[in-house]
Amino acid sequence: PTAREHARYVRPDELHQAFFFDLLSAPWDADAFRKVITEAMQDIAGTGSTVTWVLNNHDQVRTVTRYGEPTPEGSGLGPARARAAALLMLALPGAAYIYQGEELGLPEVVDLPDDVLTDPIFRRTGSRARIRDGCRVPLPWSGQASPFGFTPGAESA
C-alpha cells in the first residue's frame, strides 16, 4: 500500500505499528528516499502513529547486494551505501527494524547449491529467479573473514 493507504490502518488506539516497506523498495536515489520519507511523515506520522522503517527483510535481496548492483564485486559501493542508508533510517523518527545479518553488513549469498535451496519458488519452478534463500542463510558466528569476528582483532581476545 501507499503511505496514505497504510495510514488508514495505524492509529495510537488501533494498530500501533505496521511494517512500512516503501523505504525497502526505494532505489539508491536521494529523490526516491526523500519522497518515501516525506509521504510517510505526512500520511502515517500525521495519524499520531509511529512510522516503522525497514530496509531489508526475508523476502528481498540484502541491502549490501541490492545497493551495490550493477557494480563489480569488491568495489565497496554496496557496503558503503548500505551503511549510509542504515544511518539515514536510524536517524528518522519512528521505529527502525533491522533484519538479521544487516547489522553485520552481510551480502546476499548467491552461490548456494541446489540441494540446500528451500524456497518454494525454486521447488515449484526449478528456476533461481527471485528465490529468497540467499538472504535467509544462518548468521555466521565463526570464521576468519570479516565480519565473522564482529570487530577487528576479536579473534585474538
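The values are calculated or read from the model by the stated rules, or taken from the named source; none is laboratory data. This structure is a prediction, so every number in the text was calculated from the model and none was measured. Cβ sites come from the backbone with ideal geometry, for glycine too, and all protein chains shown count toward neighbours. Only protein heavy atoms, including side chains, enter the accessible area calculation; ligands, DNA and RNA are left aside. Shrake-Rupley method; radii C 1.70, N 1.55, O 1.52, S 1.80 Å.
Which numbered condition trips up N56, out of (1) assigned to a helix (DSSP H, G or I); (2) open to solvent by less than 50 Å² (accessible area, probe 1.4 Å)?
Result: N56 passes all but (1).
Check whether at least one residue in the range 112-119 is at negative phi, touching a residue at least 24 places away in the same chain (Cβ under 8 Å) and surrounded by 15 or more Cβ atoms within 10 Å (Cβ to Cβ), and report yes or no.
Scanning the range 112-119 turns up at least one residue that is at negative phi, touching a residue at least 24 places away in the same chain (Cβ under 8 Å) and surrounded by 15 or more Cβ atoms within 10 Å (Cβ to Cβ).
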